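Take a look at the structure set out below.
The values are calculated or read from the model by the stated rules, or taken from the named source; none is laboratory data. For clarity, every value in this text was computed on a predicted model and none was experimentally measured. Here the Cβ positions follow ideal geometry from the backbone for every residue, glycine too, while neighbour counts run over all protein chains shown.
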């Protein structure tokens, strides 16, 4: 692995994400790297035939991006102490595809993410986002179990 200058951290605004982000910040401080914090709003394109929303799907997705942008501001303020350079991004689409695309676009040297997510039958049916990213990411991935 080359020098680590940019660390991508996908988050879901949970307490576990805060733990993962703090760990990534520790790594970034040691390597003098930048942290890029990313949240992906799941696209509703695949679900358009399943329900009739009270607003058009495009408008619903726009509202979710707007809400996520506000949530990101408070999440970063609560979690970071300004010790490392950082930036944020709100993306929209398939979570795995968007994280991988963005990691490549940003030339991330490392992705740091949690192993949490689906459990039981959901994991069998849908798989793990972390597992899929580990298999397809354009850079090394460090997964962290936030429960340990």
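Scanning region 49-72 for residues that are modelled with pLDDT of 75 or more and touching a strand residue (DSSP E or B) at 6+ places or on another chain (Cβ under 8 Å), we see that the one that is surrounded by the most Cβ atoms within 10 Å (Cβ to Cβ) is 68. One residue is enough: does region 102-110 have a residue meeting the conditions within 22 Å of residue 14 (Cβ to Cβ), in a helix (DSSP H, G or I) and modelled with pLDDT of 95 or more? Scanning region 102-110 turns up at least one residue that is within 22 Å of residue 14 (Cβ to Cβ), in a helix (DSSP H, G or I) and modelled with pLDDT of 95 or more. Taking the conditions (1) in contact with a strand residue (DSSP E or B) (Cβ under 9 Å, 6 or more places away or on another chain); (2) part of a helix (DSSP H, G or I) in turn, residue 26 satisfies each one other than (1).
Scanning region 33-48 for residues that are at pLDDT 95 or above and more than 15 Å from the chain's Cα centre (by Cα) yields 33, 34. In region 85-94, what residues are on the phi < 0 side of the Ramachandran plot and either part of a strand (DSSP E or B) or buried (at least 20 other Cβ atoms within 10 Å of the Cβ) (or both)? Selection gives 86, 87, 88, 89, 90, 91, 92.
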